[in-house]
């Protein structure tokens with residue numbers, strides 16, 4: 001069985017959610033068995049500082065080294081349990097000794113399967129302002145719209161000061177839903193990508209959203225398990 005490597009700790013709350021989703025999803029597919037998972041919990045503050053400064057070479061070096069650490073420990077397939085590291089996903093994949101599973105590619109495929117043509121995007125400021133979601137979804141004919149101005153700053157503030165610290169407030173849920181409503185009415189989005197893996201912990205399955213929400217962590221886990229359980233052709 002392939003040893004799965006998780007680059008986690010970005011942030012801790014979503015790393016725990018990923019672990020639970022992976023175990024539950026694996027056992028649903030392979031009864032009476034458990035996946036072999038190696039977790040490399042990295043320094044969130046360092047990642048956010050490099051991403052916020054736009055120092056992509058240093059961010060690539062940092063994340064590349066952490067993936068290589070997993071490979072040296074025996075992992076045969078790896079992933080980032082977060083959206084923000086996908087800012088340099090392609091560069092890290094090029095230097096990685098093992099395959100990586102992209103949360104962005106998996107989400108783009110799901111959006112295409114759903115027949116979407118216009119989606120919103122929530123996440124950290126880096127994720128909302130970067131091109132990795134718009135560029136990948138454009139290859140599927142899907143336009144991406146992030147919040148503007150005050151809504152963008154609000155989403156980033158809630159994410160960076162509350163969600164990554166495990167704080168999930170009812171008033172912040174209401175505020176995020178108001179941002180989603182403005183994306184729907186102002187940009188005509190048909191769904192919203194929760195482009196931060198802590199967001200589904202705030203906007204959970206019981207949330208009454210004005211448009212469908214794409215839980216990138218769940219989508220990512222499904223693709224990871226598909227890759228993990230698909231026999232390699234020889």
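The values are calculated or read from the model by the stated rules, or taken from the named source; none is laboratory data. What you see is a predicted model, and the numbers here were worked out from it, not measured in a lab. Glycine also receives a Cβ, built like all others from the backbone with ideal geometry; neighbour counts cover every protein chain displayed.
Per-structure values
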item	result
Criterion (on the phi < 0 side of the Ramachandran plot, touching a strand residue (DSSP E or B) at 6+ places or on another chain (Cβ under 7 Å) and free of Cβ contacts under 8 Å to residues at least 40 places away in the same chain) met by exactly one of 150, 143	143
Number of positions in the range 218-234 that are buried (at least 23 other Cβ atoms within 10 Å of the Cβ) and within 18 Å of residue 127 (Cα to Cα)	1
Test: residue in the range 192-199 that is more than 30 Å from residue 98 (Cβ to Cβ), touching a helix residue (DSSP H, G or I) at 6+ places or on another chain (Cβ under 6 Å) and part of a helix (DSSP H, G or I)	no
Helices (runs of 4 or more DSSP H) contained entirely in the range 46-114, each with at least 2 residues that are modelled with pLDDT of 95 or more, closer than 23 Å to residue 229 by Cα and in the same structural domain as residue 136 (by TED's automatic domain parsing)	103-113
Condition met for residue 139 (in the same structural domain as residue 175 (by TED's automatic domain parsing), surrounded by 14 or more Cβ atoms within 10 Å (Cβ to Cβ) and under 30 Å from residue 5 (Cβ atoms))	no
Unique residue being within 23 Å of residue 165 (Cβ to Cβ) and touching a residue at least 60 places away in the same chain (Cβ under 8 Å) when the list is 81, 73, 53	81
Options 183, 213; residue that is more than 27 Å from residue 56 (Cα to Cα), surrounded by 13 or more Cβ atoms within 10 Å (Cβ to Cβ), without any contact (Cβ under 8 Å) to a residue 60 or more places away in the chain and touching a strand residue (DSSP E or B) at 6+ places or on another chain (Cβ under 6 Å)	213
